[in-house]
Amino acid sequence: MNREQYAKLTDEEKRIKIAELCDWTNIIVLKPNVYRGIVIKGRPPYLKDRPELHGEDTIPDYLNDLNACHEFETYAELGMSEHSGKAAEYSALLRHIAVEGGRHLFSATAEQRCEAFVLTMEGADD
């Protein structure tokens, strides 16, 4: 996936893509009604190896929640450690995206972190 393809995704598609990369499963989208907006639910990754346990949770709003971004960054570090260079690739790409958006690496927005994460994990091909 490249930056142009990522930009074409809706916010809901971006959240689902990140959740899938973080091993969320059984993802469903509940359409909005008069009481709430769109809700995206799924089976969290911590239940992945526990088939005897049933449960679902709301997928975090990665695009607007820095705490959720820190969770996927921590999760990704575990996976990235198995693939040499991925963590460095993520940091370099995040730095590029943040600077391009007028920010420094450590003040990157949640949206910028999401873009860098997806492009790193999917293999940016621009």
Selection status of residue 26, outside any strand (DSSP E or B), loosely packed, with under 15 Cβ neighbours inside 10 Å and not basic (Lys, Arg): no
Residue identified as modelled with pLDDT of 95 or more and among the acidic types (Asp, Glu) among 20, 13: 13
Residue tally, condition within 17 Å of the chain's Cα centre (by Cα) and under 13 Å from residue 3 (Cβ atoms), over the stretch 95-107: 1
Unique residue being modelled with pLDDT under 85 and within 12 Å of the chain's Cα centre (by Cα) when the list is 76, 124, 88, 110: 76
So residue 53, is it in a loop (DSSP other than H, G, I, E, B), in contact with a helix residue (DSSP H, G or I) (Cβ under 7 Å, 6 or more places away or on another chain) and within 17 Å of residue 108 (Cα to Cα): no
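The values are calculated or read from the model by the stated rules, or taken from the named source; none is laboratory data. As the structure is a computational prediction, the values presented were derived from the model and not from experiment. Methodologically, a virtual Cβ is constructed for each residue, glycine included, from the backbone with ideal geometry; neighbour enumeration extends over all protein chains shown.
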